[in-house]
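Below: one structure, written as structure tokens.
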Amino acid sequence: MKIMVIGSGGREHAIIKALRGDIYALPGNGGIAEDATCVDIAATDIENIVKFAQSEGIDYAVVAPDDPLVLGCVDALEKVGIPCFGPNRRAAIIEGSKAFAKDMMKKYGIPTADYEIFDNAEDALAYVSDCKIPIVIKADGLALGKGVIISETREDAQAAIRSIMEDKQFGDSGNKIVIEEYLEGPEVSVLTFTDGKTVVPMVSSMDHKRALDGDRGLNTGGMGTVAPNPHYTSEIADRCMKEIFLPTIKAMNDLNRTFKGCLYFGLMITNDGPKVIEYNCRFGDPETQVVLPLLKTDLLDIMQAVTEERLSEINVEFTDDCATCVIMASAGYPVKYDKGFELTYPEDELIYIAGAKLEDDKLVTNGGRVLGCVGIDKTLKGSIDVAYAIADKVHFDNAYMRSDIGKRALL
Ligand code: AMP
Ligand code: GLY
């Protein structure tokens, strides 16, 4: 079976390692090239993705990143008869527009932070002149994970509104903004499989978004993850299923936007119960790197069942183990960093490559996040130790990692 995976990061490497078959990665990266045939077509170049799939006789496609999903990559592939894993454009709006997601949650009574939507800076500035502080400002559209600004002061909130709406820091993604109530509590990521009828949560996880130890510094794409997340108790899981997951699937059906694929729930466990912080229309990165290694059931079987709307027939099982992913990045990430350093790593460990390319047969660093080292063990503490022991065996100049991944999950 010929399978095509769209994307190029650590998440895509984890998906590819979990699949079986003749795998093509578009565009993939120098590390993914060990496990798949990489084809130099960008993840957003939908026209050429479709042409390649047709000429190569691809049997199944997995569209992993947010931008091709929001741009309608699945619609374009399905139109020429190629079955896909991932939501179509109408459903991907759940991540593509935060204003859409908030209005949907309000309409269907799904718990989330209180909010207002603005399409002009003047009204937004007036609103923050006497709202409660801290306050959260979010660009409506996709912004490479950087479109959320938590403002501790009114001045910061005003500056955020100006930079998003007037200076267009995130381009057209900032034509509208959501201003929402600041929530507190532990955060949990829950990836789910859904075919629009059944929703099956995967093992829960915890991201570490900030660049520096102790959750300080800038927001990044994620510096590490652990699974399962100890804050996600079975009682919380039951509430999430009843109050959030099933109502979301139903709401999307009701709006004629049936979601099929991996729906990611970013949750905050507040004193008033679990609330939705964000939806993603795809697998999380680096959550996938700790979730898929714990999956016992064959990933391709699950994905095809989602596509064919028969997920209820599949028994999706995870092991009882714990997993930790420590991201090794280029020093200076997420702002400014050097690349092109030779990268060596042990072949027999669980390592997912995110930013590396082959140059004269040598693997060199080629991104902010370079790779993720994954430790698996019966205990969380054990998995943290294994992940850091693997990281010790990885070498490239200017390597940087947090030293406290998983610490706050050791309750
Ligand atoms: P996002 O890019 O939507 O994942 O948001 C980035 C981070 O901002 C989240 O992981 C939260 O830590 C934080 N955040 C987003 N919305 C809120 C909120 N309403 N209250 C507090 N923190 C938030
Ligand atoms: N780790 C968060 C995300 O994938 O958006």
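The values are calculated or read from the model by the stated rules, or taken from the named source; none is laboratory data. Remember, predicted model here, so these are calculated numbers, not experimental data. Glycine gets a Cβ as well: all are built from the backbone with ideal geometry, and neighbour counts include every protein chain shown. Note: areas computed on protein heavy atoms with side chains; ligands, DNA, RNA excluded. Shrake-Rupley method; radii C 1.70, N 1.55, O 1.52, S 1.80 Å.
Per the conditions (1) more than 10 Å from ligand 1 (Cβ to nearest atom); (2) surrounded by 14 or more Cβ atoms within 10 Å (Cβ to Cβ); (3) in contact (Cβ under 8 Å) with a residue 40 or more places away in the chain, the sole criterion not satisfied by Phe100 is (3).
The residues of the stretch 221-242 that are in contact (Cβ under 8 Å) with a residue 24 or more places away in the chain, open to solvent by 10 Å² or more (accessible area, probe 1.4 Å) and of a type outside the set (A, V, I, L, M), listed by number, are Gly221, Pro228, Pro230, His231, Tyr232, Arg239.
On inspection, Ile58 passes the criterion of being over 23 Å from Asp140 (Cα atoms) and either among the small types (Gly, Ala, Ser) or open to solvent by less than 50 Å² (accessible area, probe 1.4 Å) (or both). Among the numbered conditions (1) within 15 Å of ligand 1 (Cβ to nearest atom); (2) acidic (Asp, Glu); (3) not in a strand (DSSP E or B), the only one that Glu278 does not meet is (3). In the stretch 115-126, the residue that is least open to solvent (accessible area, probe 1.4 Å) out of those that are out of contact with any Asp or Glu (no Cβ under 6 Å at 6 or more places or on another chain), of a type outside the set (S, T, N, Q) and not in a strand (DSSP E or B) is Ala124. Taking every residue in the stretch 178-191 that is within 16 Å of ligand 2 (Cβ to nearest atom) and pairing it with any residue that is among the β-branched types (Val, Ile, Thr) and open to solvent by 10 Å² or more (accessible area, probe 1.4 Å), at least 6 positions away or on another chain, the pairs with Cβ-Cβ distances below 6 Å are Pro186/Ile269.
Counting just the residues of the stretch 145-164 that are open to solvent by 20 Å² or more (accessible area, probe 1.4 Å) and in contact (Cβ under 8 Å) with a residue 24 or more places away in the chain, which one comes out nearest to Phe100 (Cα to Cα)?
Residues of the stretch 145-164 that are open to solvent by 20 Å² or more (accessible area, probe 1.4 Å), as a first pass: 145-146, 148-150, 152-156, 158-159, 162-163.
From what is left, the residues that are in contact (Cβ under 8 Å) with a residue 24 or more places away in the chain are 145-146, 148, 150, 154, 158, 162.
Values: Gly145: 17, Lys146: 19, Val148: 16, Ile150: 20, Arg154: 26, Gln158: 23, Arg162: 22 Å.
Among those residues, the one meeting the criterion is Val148.
The residue that is nearest to ligand 1 (Cβ to nearest atom), among those in the stretch 214-234 that are touching a Ser or Thr at 6+ places or on another chain (Cβ under 6 Å) and in a loop (DSSP other than H, G, I, E, B), is Asn229.
Specify which of the listed residues (Arg257, Arg239) is at pLDDT 95 or above, in contact with a Pro (Cβ under 8 Å, 6 or more places away or on another chain), more than 26 Å from Ile135 (Cα to Cα) and charged (D, E, K, R). Give the steps one after another, and end with the answer.
Working: Arg257 fails: in contact with a Pro (Cβ under 8 Å, 6 or more places away or on another chain).
After applying the criteria, what remains is Arg239.
With respect to (1) under 29 Å from Thr270 (Cα atoms); (2) at pLDDT 95 or above, the lone exception for Glu116 is condition (2). Selection of the stretch 3-53 for residues being open to solvent by 50 Å² or more (accessible area, probe 1.4 Å), under 26 Å from Phe341 (Cβ atoms) and among the basic types (Lys, Arg) yields only Lys17. Looking only at residues of the stretch 1-58 that are assigned to a loop (DSSP other than H, G, I, E, B), in contact (Cβ under 8 Å) with a residue 40 or more places away in the chain and not small (Gly, Ala, Ser), we find that the one that is farthest from ligand 1 (Cβ to nearest atom) is Met1.
It is to be established whether one or more residues within the stretch 250-264 are acidic (Asp, Glu) and either in a loop (DSSP other than H, G, I, E, B) or within 16 Å of ligand 2 (Cβ to nearest atom) (or both). So that I can check it myself, show each step before the final result.
The first filter runs over the stretch 250-264 and keeps only residues acidic (Asp, Glu), leaving 254.
Next, from what is left, pick out any that are either in a loop (DSSP other than H, G, I, E, B) or within 16 Å of ligand 2 (Cβ to nearest atom) (or both): none.
No, there is no match, as no residue in the stretch 250-264 is acidic (Asp, Glu) and either in a loop (DSSP other than H, G, I, E, B) or within 16 Å of ligand 2 (Cβ to nearest atom) (or both).
How about the stretch 199-213: which of its residues are open to solvent by less than 40 Å² (accessible area, probe 1.4 Å) and not in a strand (DSSP E or B)? Listed by number, the residues that qualify are Met202, Val203, Ser204, His208. Scanning the stretch 68-97 for residues that are open to solvent by 10 Å² or more (accessible area, probe 1.4 Å) and not in a loop (DSSP other than H, G, I, E, B) turns up Val70, Leu71, Asp75, Ala76, Glu78, Lys79, Arg89, Arg90, Ile93, Glu95, Gly96. On the basis of being among the aliphatic types (A, V, I, L, M), over 21 Å from Leu183 (Cα atoms) and either open to solvent by less than 30 Å² (accessible area, probe 1.4 Å) or within 15 Å of ligand 1 (Cβ to nearest atom) (or both), does Ile269 make the cut? Against the criterion (among the aliphatic types (A, V, I, L, M), over 21 Å from Leu183 (Cα atoms) and either open to solvent by less than 30 Å² (accessible area, probe 1.4 Å) or within 15 Å of ligand 1 (Cβ to nearest atom) (or both)), Ile269 does not qualify.
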